[in-house]
1. Tell me what the chain gives for mean residue ellipticity at 222 nm when only DSSP H runs of n ≥ 4 count, each as -39,500 (n - 2.57), the sum divided by the residue total, rounded to 500 deg cm²/dmol.
2. For the stretch 157-273, what is the convex hull (Cα atoms) projected area averaged across all directions, in square nanometres?
3. May I ask for the net charge around A171, where only other residues with Cβ less than 14 Å from the Cβ of A171 are counted and Lys, Arg are +1 while Asp, Glu are -1?
4. Can you tell me what percent of all Cα-Cα pairs in the chain are more than 28 Å apart?
5. Just grab the label-to-label distance for D165 and Q26, each label 7 Å out from Cα along the Cβ direction, in nm (one decimal).
6. For a test of the definition: using alpha carbon positions, the gyration tensor, and the 1.5 limit on a/c, classify the stretch 1-52 as rounded, prolate or oblate.
7. Pull up the DSSP beta bridges for the chain and report the antiparallel fraction as a percent, rounded to 5.
8. Loop-only GluC sites (Glu not before Pro) in the stretch 181-253, please: DSSP not H, G, I, E or B, and at most 14 other Cβ atoms within 10 Å.
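Nothing in this text is a laboratory measurement; each read-out follows from the coordinates by a stated rule. What you are looking at is a predicted structure, and each value in this text was computed from that prediction instead of being measured. All Cβ positions, even for glycine, are placed from backbone atoms using ideal geometry, and neighbour counts span all protein chains on display.
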Amino acid sequence: MDRYLVFGHPVRHSKSPFIHTLFARQTQQELEYGLAEPAVDEFAQALRTFFDQGGKGCNVTVPFKEQAFTLVDRLSPRAKRAGAVNTIKLTDDGVLLGDNTDGAGLVADLKSHGVTLADSRILLLGAGGAARGALAPLLAELPSELVIANRTHAKAQQLAAEFCDLGHVTAQTHEQLAGSFDLAINSTSASLQGELPPLAPTLIHTDIAIYDMMYGASDTAFISWAKQHGARQTMDGLGMLVEQAAEAFTVWRGIRPGTKQVLRELKRNLGVI
Ligand code: ATR
């Protein structure tokens with residue numbers, strides 16, 4: 001049977017096996033999907049061993065995405081732009097192809113929530129790996145402006161300079177942020193510590209859509225805060241998780257699974273509904 005898995009550390013709580021098993025059942029594909037948690041300095045060897053032993057493809061998550069970028073034979077254009085790989089496929093001619101489906105997953109999830117990206121004014125909070133992965137797919141939707149704000153401003157400036165060939169993208173300090181944004185996306189890892197990016201509450205209004213790439217059984221700190229300040233539409237990263245997985249499944253199997261039912265089952269599994 002074709003074998004797939006996700007590499008991460010820690011990876012025990014990954015939902016990827018659950019999601020991909022449901023995708024396989026739905027599309028009647030014969031495959032198995034497992035977990036691998038190599039020591040941080042043993043990822044390269046573990047990846048080689050997996051493919052030497054007949055593995056067909058894998059996902060890569062924290063902290064291995066940047067290392068995976070350096071280990072594959074060929075990169076997709078979107079992986080090259082992201083500087084990180086979250087999906088690897090062994091092609092029929094034996095080439096390890098590195099791809100990145102995170103940004104596509106974010107955009108697909110935003111669209112499934114009815115968020116319009118074309119001509120919109122987007123605020124992207126954070127300038128780490130998650131922000132980098134999201135930028136090209138967001139800019140491909142032709143927003144009127146995309147502003148990056150990050151605790152360490154220099155990193156936002158660097159990202160804006162790197163992606164300015166793809167659209168109207170600028171970096172601003174939190175103090176400089178002004179005007180009305182249609183969408184604010186939190187790509188920082190602040191929610192992991194229950195913290196908030198230092199955003200002024202005046203930026204939240206009833207027509208802004210709020211997206212947090214993090215998720216949990218209850219609202220993230222950022223989503224709770226945005227709701228308190230009047231945001232009507234809030235979304236967490238669970239949909240992005242399922243959509244990036246659907247995109248990876250499509251890369252591997254050439255067939256696109258439906259995501260709605262799988263997302264519902266995942267929410268039930270997490271106790272969210
Ligand atoms: P990831 O791959 O998840 O993006 P990362 O590359 O380590 O992880 O980036 C983490 C991002 O979250 C950075 O933008 C970081 O801000 P700095 O560049 O200033 O470090 C941001 N971040 C983490 N904790 C934060 C907090 N408590 N408040 C605001 N921003 C935070």
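1. After summing the helix terms and dividing by the residues of the chain, the value is -11000 deg cm²/dmol.
2. About 9.4 nm², averaged over all directions.
3. So the surrounding residues net to 0.
4. For the chain, the fraction of Cα-Cα distances above 28 Å is 34 percent.
5. 3.6 nm
6. The shape class here is oblate.
7. 20 percent
8. E195
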